[in-house]
Every structure is written in structure tokens, then in C-alpha cells.
Amino acid sequence: MRVSKIAVVWSLLCPLAAWHAHAITIVPTFVDASDQSWTDPEKTIITQAIGDWQNRVLDNQTINVSFDFTHVGGLDAPGSYLAEWDGNINAFPDANLYPWSAGVTQVVHFNEDLMDPTLPNHLEFTTGTVMPTNWDALSVIRHELGHMMGFTQNFYFNDFSGPNQTDKWTSHISGTTFDPGGLNVHMNNATDLSHLADSGATAGDLMTPSLTNGERRNIGGTDLKMLEVAYRYAMIPGDADRDGKVDFTDLVTVARDYGQSNATWDTGDFNNDGTVGFDDLVTLARHYGQTLDTAPLGQPTAAQLAQLTPALRADIEAAFAQVPEPAAAGLLAIAGLVLLPRRRVAHGA
């Protein structure tokens with residue numbers, strides 16, 4: 001079992017564009033308690049947080065997650081928290097475990113004791129401004145789903161066949177630094193490698209271990225980069241090699257497999273219809289030059305496009321012609337030449 005909580009911080013003081021064909025589908029189940037039932041406004045906020053992740057992680061998979069209630073005490077209770085992600089592994093289905101793998105169950109528990117709106121401070125379910133004395137449920141749900149997606153140590157292993165299992169998350173951490181020499185992200189501490197340090201460049205990030213009342217936090221570029229490094233998620237339409245940018249290498253992949261069936265994301269099928277076709281080329285053109293931090297901007301050079309066949313260059317020209325300025329401008333100009341703080345681990349049988 002893998003558990004993650006977002007903690008309470010009491011204070012008296014007070015994105016990437018969505019893609020029309022997201023691939024991750026997160027299916028919620030709402031479990032009522034004997035003394036608490038999910039309301040439609042609460043379900044709406046959970047659905048919005050789910051949509052935020054669906055619009056960013058584009059792998060063609062389905063994750064089932066339950067949302068339920070628990071009592072862990074109010075603001076002053078020892079170990080109190082706002083919400084907790086609980087991941088369990090009931091079977092080891094293959095050598096690569098992901099949130100959608102068979103045998104994995106996902107649950108997010110909410111602390112009923114901090115959901116009472118009559119309290120002077122409580123977990124507030126709203127899409128608007130959060131009251132300065134309350135905690136934002138939308139941020140909390142985004143955070144816990146982030147743990148489900150992979151911000152967790154010693155859970156999503158690469159290899160169950162031998163004694164030396166490789167954790168896809170902590171294998172990228174040296175000491176308390178994630179991706180040293182690359183992203184150089186500081187984690188919370190040596191015993192909590194599932195949260196980011198709430199200081200320096202990551203102060204106030206969605207995936208720090210606590211949330212101050214009155215704040216709203218979004219899924220950030222650093223969060224996405226870390227998940228991509230650890231799990232090779234597809235996060236930008238057109239990024240066939242999942243390296244965080246759409247460039248000529250991805251265009252070459254589409255060119256190599258153009259017209260092929262039984263295709264996957266890695267061979268250029270970005271709309272999950274099983275083939276690499278003109279629609280996939282248009283998708284790549286719309287996002288050409290995009291990274292996890294920047295909007296689409298750029299185009300292949302004449303020298304690069306000269307490496308492709310004339311027939312394919314004609315389709316590329318047509319695809320980029322559908323892209324608004326400025327991303328297609330350069331290509332069209334050369335078209336005549338070419339185209340919460342504590343965690344525990346227990347694996348149950």
C-alpha cells in the first residue's frame with residue numbers, strides 16, 4: 001500500500017492548452033459514508049481536477065479511482081490531514097506498473113472532520129476565489145491525483161521478476177535531488193521523496209507537502225517534466241518520442257510510419273485511431289516547436305524537409321497550412337522549395 005497525504009497549514013494571513021482528444025481517462029467512483037454523502041457541487045470540483053490531469057497526460061489508458069470519506073480529526077488533531085491518496089497493489093501483472101495497471105487500486109480519502117462548512121476554516125469546494133480562512137479542495141484533489149500519477153516513492157516498479165526491483169520514481173533521485181544534472185528539483189527531505197521542497201524554485205508548487213489556507217495551486221511545468229522523466233508519459237500532442245518537445249525527430253517518425261496501421265503514439269498515431277495519417281500530421285504541425293513550458297512556435301527548416309519524399313512534403317505543406325500564425329509562417333515561406341508530509345509503504349498480497 002502506498003499512501004500520500006496533503007497536510008494542513010493554518011494561517012491567519014491570507015497552464016498548457018487542452019487537447020481535443022486527451023487519451024488518459026480517469027473514472028471516478030463516489031463512495032458515500034453512513035454520515036456523509038457526496039454533493040453535486042463537490043463532484044463537480046473533483047471532475048474539474050480530473051479534467052486538469054486528463055488534458056495533460058495523453059497516454060491512451062483508463063484509471064479508476066474511488067473518492068470516499070474518513071475521520072482523522074480536526075485542525076488540532078495529531079496527524080490530521082485534508083486528503084490522502086491510497087494506492088494498493090493486489091497483483092503484479094507485468095514488469096512495468098502504472099496507475100492503470102491491473103491489480104492496482106486507487107483511492108482518495110477526504111477528512112470529514114475538515115469538510116464541515118460551519119467551521120471557521122474548512123475544505124472549500126469552489127471554482128471561484130477561496131476564502132482566506134479555508135483550504136481549496138480543487139488544489140487538494142489535483143495534488144492527490146498527482147501522487148496517483150506518480151509522485152510517490154517505492155510504488156510503481158519497473159521489474160517484479162527479480163529481487164532488485166527498480167522504482168521508476170526514486171531511480172531518478174540522488175540524495176534529495178530529482179534528475180541531478182538535468183531538472184535539479186529539490187525534494188522535501190531524505191525520508192519524503194514524494195513531495196517537492198516548499199522553498200526556493202519550488203516554493204508553493206502543487207506537489208509540496210502542505211497547503212496554506214486561501215491558496216489555489218495549479219499543475220505546473222516542473223510537475224509535468226518530472227512525471228515525463230520518470231514515466232515517459234505522453235504530454236504534448238505530436239511528441240512521438242516523449243522527450244518534452246515536438247521537433248523534426250517527431251516529424252521523421254510520422255514520415256517513417258505514414259499510412260501504417262496498428263500504430264501507437266510512439267509511431268505517430270496521436271489521435272488513437274490505430275493509423276498514422278493526415279490528422280496526425282496536422283496535430284504535429286499545430287504543436288510544432290512546443291515544449292512543456294512554451295507554446296507552439298517554429299517549423300522545420302528547408303534542409304530538414306529536403307530529406308523527405310515530395311509526396312510527403314506536399315502533405316506536410318497542407319498540414320502546416322491549417323495552422324494559424326506564427327507557427328506555420330516560416331514553413332509556408334519555403335513551401336516552394338520543400339515542404340502531506342508523512343508516508344508509509346506496505347505491499348499486500
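Taken together, the values in this text are just the output of simple stated rules run on the coordinates, not laboratory data. Everything quoted here is computed from the prediction, not taken from an experiment. Heads up, the Cβs are rebuilt from the backbone with ideal geometry, glycines too, and the neighbour counts pull from every protein chain shown.
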Label model pair T133, Q61: point-to-point distance (7 angstrom along the Cα→beta-carbon line) in nm is 4.3
Expressed as a whole-number percentage, the relative contact order of the range 248-333 with C-alpha contacts under 8 angstrom and at least six residues apart is 24
Placing +1 on each Lys and Arg Cβ and -1 on each Asp and Glu Cβ in the range 2-231, then taking the dipole about the Cα centre, the residue among A77, F155, A23 whose Cα reaches farthest towards the positive end is A23
In debye to the nearest 20, the charge dipole size for the range 233-331, taken about the Cα centre with +1 at each Lys and Arg Cβ and -1 at each Asp and Glu Cβ, equals 200
Of the range 37-65, those with amide N under 18 Å from the point 7 Å along the Cα→Cβ vector of T25 are 47-48, 50-65
About its Cα centre, the range 2-231 carries a charge dipole, from +1 on Lys and Arg Cβ atoms and -1 on Asp and Glu Cβ atoms, whose size in debye to the nearest 20 is 560
The range 153-221 and the range 45-88 have their Cα centres apart by a whole-number Å value of 17
Between T126 and Q304, the FRET efficiency computed from the C-beta separation at R0 = 56 Å comes out, to the nearest 0.05, as 0.70
Of the candidates T249, S261, I219, the farthest towards the positive dipole end of the range 217-268 (Lys/Arg Cβ +1, Asp/Glu Cβ -1, centred on the Cα centre) is I219
